[in-house]
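Just below is one structure, and these are the notes that go with it.
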Amino acid sequence: MSSANANSKLPAPIRACTVSRDVQNFDLLIEDMELELGESWGDLTFPSAMKYLDQPEARGLEFIAVAIDDDDESNIPIIEAVIQRASALGIRVLLIAEELGPIALHRLLRLGASDFVPYPLPEGALHDAVQRLRQPVMGSALGAQQPRGMMAPNQPLGAVYAVHPLAGGSGATTLAVNLAWEIANSGKTAPSVCLLDLDLQTGSVSTYLDLARTEKVYELLSNTAVMDRDFFMNTLQTFNEKLKVLTAAADMLPLDLITPDDIERVIKMARSNFDIVIIDMPGTVVQWTETVLNEADAYYAMMELDMRSAQNALRLIRALKAEALPLEKIQYVLNRAPKFTDLSGKARAKRMAESLDIEFELMLPDGTLQVTHANDHGLPLAEIAQKNPLLKEIRKLALSIATAARDDNRAAA
Ligand SMILES: Nc1ncnc2c1ncn2[C@@H]1O[C@H](COP(=O)(O)OP(=O)(O)O)[C@@H](O)[C@H]1O
Ligand SMILES: [Mg+2]
């Protein structure tokens, strides 16, 4: 490392290099490198990078910015070699990619790239990424060590409520979205709320709130080891100024690309920055269902009064019991519950609960077609149907959650 020290005394030591087919294809990168480093950077092609990295002067490099686009498909082997070589030498690799598919991106990150920025570079993105590179890896890997941001340092981590549909279409996402919105609107002292769509493949939170699915979500989920607060917060979208949302990614993600560690980091990061975290879960039990269950204060299992829900509930209960998971966190919710006057329906609900040896903690009424209209228009129910019976019930739950959060905060203060 002596050459790094020697270098820093020279007039314009090379502190970073771009590596690409031809840097002229990335003129925004040239501008941003100049802004960030002045004259202290160079540009390399892939073959010249392989040679340069083995020279002693390469030891002084702070990072290399590997820029690729869709014409680089045939160069992937040498790009991989450059990334592996740099990371073996302890030189950080920033990946800048235009139109790179998620699988290829993921592979390059796994090979040792530390961070990723899409091209064309968003304003300030290179600067932010370079700042992130400069942080020690361990510190940024641990969400709990991040500054709390919106929450005071002595406050407890935010509370986590997950919603899991026990049969497709049972209303989990509708509950997650409207619950999050109602909590965020529960008065002047409303808790801060973050909604995470972890239904990675078919997530519909973005549809129900009319938000775009962005590439950034994929970058975040496949890069959680280097995620810091800014990276996380910049990936969230804001709905009507009050609700922060992590939508599902733009592309369908292979579920096994995301590990329990990834999910844990994301939830911890959300909890350390928000009072309340609401999670929309996929209907299947995945590797990281347990992770969410362990993080959750309550885990709502959405059911309907039908055989599918009953059988899936039974499967879920068995699976959780076999693994000795915290079954007591599960709260069974009966959606489209029978009306007060529907005596036979109520008797059926009672029998179903008895046969599963569970209790319904919550009964949500049918909210008519208004619910589907609200979802299709990308709006929470409160924005178009104030008197909706489903909304009234969700609002009660939201108020109890918001009150509990305020009490927690007072206790911690
Ligand atoms: N209580 C309800 N009353 C009326 N419609 C509902 C109710 N709950 C859900 N829906 C509708 O059912 C459909 C599926 O709901 P969704 O929340 O996407 O289910 P899931 O996330 O469990 O798959 C949506 O069109 C939604 O508008
Ligand atoms: Mg859903």
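What follows draws every value from the coordinates through simple rules; no lab data is involved. Bear in mind that the values here come from a model prediction, so they are computed numbers and not experimental data. Note that each Cβ is placed from the backbone with ideal geometry, even for glycine, and that neighbours are counted across all protein chains shown.
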Checklist outcome for this item: Summing -39500 (n - 2.57) over every DSSP H run of at least 4 in the chain, dividing by its residue total and rounding to the nearest 500, the 222 nm mean residue ellipticity is -13000 deg cm²/dmol
Checklist outcome for this item: When the charge dipole of segment 159-412 is computed with +1 at the Cβ of Lys and Arg and -1 at the Cβ of Asp and Glu, the Cα pointing farthest to the positive end, of LEU369, SER204, ALA412, is that of LEU369
Checklist outcome for this item: One would report the antiparallel percent of DSSP beta bridges in segment 2-134, rounded to the nearest 5, as 0
Checklist entry - Across segment 67-81, in residue order, what do the Karplus-derived ³J(HN,Hα) couplings come to in whole Hz, using 6.51 cos²θ - 1.76 cosθ + 1.60 with θ = phi - 60° and x for Gly and Pro? => result 10, 9, 9, 6, 7, 8, 3, 6, 8, 3, x, 6, 4, 4, 5
Next on the checklist: For LYS244, give me every one of the lysines with a C-alpha distance below 26 angstrom, ignoring sequence neighbours fewer than eight places off in its own chain.
Outcome noted: LYS188, LYS216, LYS268, LYS329, LYS387, LYS392, LYS396
Checklist entry - Given the C-alpha centroids of segment 359-374 and segment 309-344, what is the distance between them in whole angstrom? => result 16
Checklist entry - Using the Karplus equation 6.51 cos²θ - 1.76 cosθ + 1.60 (θ = phi - 60°), what ³J(HN,Hα) coupling, rounded to whole Hz, does each residue of segment 110-123 give in order, writing x for Gly and Pro? => result 5, 6, x, 5, 8, 7, 9, 10, x, 10, x, 5, x, 3
Checklist outcome for this item: Treating only Lys and Arg (+1) and Asp and Glu (-1) as charged, each at its beta carbon, one finds that the chain has a dipole about its Cα centre, in Debye to the nearest 20, of 1820
Checklist entry - What nm distance separates the two modelled labels at LYS396 and ASP297, each placed 7 Å from Cα along Cα→Cβ? => result 1.9
Item to check | Per-bin percent of Cα-Cα distances, segment 252-354 [10 Å] | outcome: 12, 39, 31, 14, 4
Checklist entry - How high is the relative contact order of the chain, in percent, with contacts defined as C-alpha pairs under 8 Å that are six or more residues apart? => result 16
Checklist entry - Under a plain spin-label model, where a point goes 7 Å from the Cα along Cα-to-Cβ, how far apart in nm are ALA212 and GLU39? => result 3.9
Next on the checklist: For a quick check: with amide H placed at 1.01 Å from N, whose amide H comes under 5 Å from LEU44's, ignoring anything fewer than 5 positions away on the same chain?
Outcome noted: THR18, VAL19, SER20
Item to check | Cut-off of 10 Å, at most 10 other beta carbons, DSSP loop: longest stretch of the chain lacking such trypsin sites (Lys or Arg not before Pro) | outcome: 189-386
Next on the checklist: Going 7 Å from the Cα of GLN131 along its beta-carbon direction, which residues of segment 91-123 have the amide nitrogen within less than 16 Å of the resulting point?
Outcome noted: 116-117, 122-123
Next on the checklist: Report the rotationally averaged projected area of segment 2-134 based on its alpha-carbon convex hull, in square nanometres.
Outcome noted: 7.3
Checklist outcome for this item: So, with points 7 Å from each Cα along the Cβ direction, the GLU73-ARG315 label distance in nm works out to 3.8
Checklist entry - Counting DSSP beta bridges in the chain, what percent are antiparallel, to the nearest 5? => result 5
Checklist outcome for this item: In segment 263-350, the chymotrypsin sites (Phe, Trp or Tyr not before Pro) that sit in a DSSP loop and have at most 13 other Cβ atoms within 10 Å of their own Cβ are PHE340
Item to check | Normalised alpha carbon radius of gyration of the chain [divisor 2.2 N^0.38 Å] | outcome: 1.14
Next on the checklist: Given the options MET303, TYR52, ASN273, identify the residue whose Cα lies farthest towards the positive end of the charge dipole of the chain (+1 on Cβ of Lys, Arg; -1 on Cβ of Asp, Glu).
Outcome noted: MET303
Next on the checklist: Give me a comma-separated list of calculated 3J(HN,Hα) values for segment 91-96, in order, Karplus coefficients 6.51, -1.76, 1.60 applied at θ = phi - 60°, integers in Hz, x for any Gly or Pro.
Outcome noted: 9, 6, 10, 9, 9, 10
Item to check | Nonlocal amide H pairs with ARG92, under 5 Å, H built at 1.01 Å | outcome: ILE64
Checklist entry - So what does the Cα-only Debye profile of segment 268-413 read at q = 0.18 Å⁻¹, as log10 I(q)/I(0), no solvent term? => result -1.29
